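Q: Take a look at the following structure, please.
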Amino acid sequence: MPSQGRIRAHWGIENLLHWVKDVVLGEDTHSISAPAAATLMALIRNLSITLFRRAGHRSITTAIDLLKNDFSQLLPMLDFPSG
């Protein structure tokens, strides 16, 4: 039987990643059938979430609304520190 900590960890992942991908980014509503295209879209969604989280945005929806047309703020987010 799984421990409570493992169950909480699972739901933490569910709430922080899968829910965002399903509800905010509409992953379940897309009907991409080509495996390569579906994989690429999943990669783009994961990268987007990662970039917004690293930039300090707790709400992905708010981050999208604030930054969707602001390339002056979006492009620096791609500059990962080295080392």
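Nothing in this text is a laboratory measurement; each read-out follows from the coordinates by a stated rule. Computed from a predicted model, the values in this text were never measured in an experiment. Here the Cβ is made from the backbone with ideal geometry for all residues, glycine too, and neighbour counts use every protein chain on show.
Q: Can you give the longest run of the chain that contains no trypsin sites (Lys or Arg not before Pro) sitting in a DSSP loop with at most 10 other Cβ atoms inside 10 Å?
A: Numbers: sites that count: 58, 68.
By the stated rule (loop sites, at most 10 other Cβ atoms within 10 Å), 1-57.
Q: Quick check on the chain: helices-only [θ] at 222 nm, where DSSP H runs of length 4 and up contribute -39,500 (n - 2.57) each and the sum goes over total residues. Nearest 500, please.
A: Calculated mean residue ellipticity at 222 nm is -15000 deg cm²/dmol.
Q: In a solvent-free Debye calculation with one equal scatterer on each Cα, what is log10 I(q)/I(0) for the chain at q = 0.14 Å⁻¹, listed in the order of the q values?
A: -0.61
Q: How far is helix 4-13 tilted, in degrees, relative to the longest principal axis of the Cα atoms in the chain, given as a value from 0 to 90 rounded to the nearest 10?
A: Roughly 30 degrees, rounded to the nearest 10.
Q: Still on this model: Could you tally the net charge around residue 60, taking each other residue with its Cβ under 14 Å from the Cβ of residue 60, Lys/Arg +1 and Asp/Glu -1? Working shown, then result.
A: Values: positive: 21, 45, 53, 54, 58, 68; negative: 22, 27, 65.
Around residue 60, the charge tally is +3.
Q: Report the local net charge at residue 17: Lys and Arg +1, Asp and Glu -1, summed over other residues whose C-beta lies under 15 Å from its C-beta.
A: Numbers: positive: 8, 21, 45, 53, 54, 58; negative: 14, 22, 27, 28.
Around residue 17, the charge tally is +2.
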